[in-house]
1. Please determine, by comparing only the residues of segment 17-54 that are of a type in the set (S, T, N, Q) and open to solvent by less than 50 Å² (accessible area, probe 1.4 Å), which one is nearest to the chain's Cα centre (by Cα).
2. Working only within segment 18-33, note down all residues that are farther than 20 Å from Thr73 by Cβ and touching an Asp or Glu at 6+ places or on another chain (Cβ under 9 Å).
3. Of the conditions (1) in a strand (DSSP E or B); (2) in contact (Cβ under 8 Å) with a residue 12 or more places away in the chain, Trp36 satisfies every one except a single condition; which number is it?
4. Which one is modelled with the lowest pLDDT among residues in segment 65-79 that are open to solvent by 40 Å² or more (accessible area, probe 1.4 Å) and closer than 20 Å to Thr16 by Cα?
5. Look through Thr16, Thr10 and report the one residue that is modelled with pLDDT of 95 or more and part of a strand (DSSP E or B).
6. Return yes when Gln60 is part of a helix (DSSP H, G or I) and of a type in the set (S, T, N, Q) and no when it is not.
7. Mind checking which residues of segment 27-43 are touching a Phe, Trp or Tyr at 6+ places or on another chain (Cβ under 7 Å) and hydrophobic (A, V, I, L, M, F, W, C)?
8. For Ile83, which of the numbered conditions (1) over 16 Å from Thr8 (Cβ atoms); (2) not in a loop (DSSP other than H, G, I, E, B) fails to hold?
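The values are calculated or read from the model by the stated rules, or taken from the named source; none is laboratory data. All figures in this text were calculated on a predicted structure; none of them were measured in a lab. When we count neighbours, we look across all protein chains shown, and the Cβ atoms used for this are built from the backbone with ideal geometry, even at glycine. Ligands, DNA and RNA are excluded from the accessible area calculation, which covers all protein heavy atoms including side chains. Shrake-Rupley method; radii C 1.70, N 1.55, O 1.52, S 1.80 Å.
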Amino acid sequence: MNNQFELTATLCKVDTLRYTPAGVPVLDVVLQHESWQEENGLRCQVKFELPAKIIGQDAQAWQHKQGKMVSVTGFLAQRSQRILRPVLRIQHITEYKG
């Protein structure tokens, strides 16, 4: 099954860096996206916020970059074992240069 996600968005919220019990850095962020898309032959404006998570060395690098526009790739996963709402698990993140 395929579960690949690609998005250009703004880091509109960046939480405090935390660590797992194993010492792995985790950074919870919220991505804000706005664009025009074509659907059924018509252009429509799309706006949304998406919760996301950066795990590992990238978490440390992005902890002070709120407001930056970024390109991300990753996959959607459930928020936790009890909460099935999706969260984007960011595997690769770069600053968007336009």
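1. By that ranking, first place goes to Ser35.
2. If we filter segment 18-33 for residues that are farther than 20 Å from Thr73 by Cβ, which is where we start, we get 18-23.
Listed by number, the list holds a single entry, Arg18.
3. The number of the failed condition is (2).
4. This residue is Arg79.
5. Thr10
6. Yes, satisfied.
7. Result: Leu27, single match.
8. (2)
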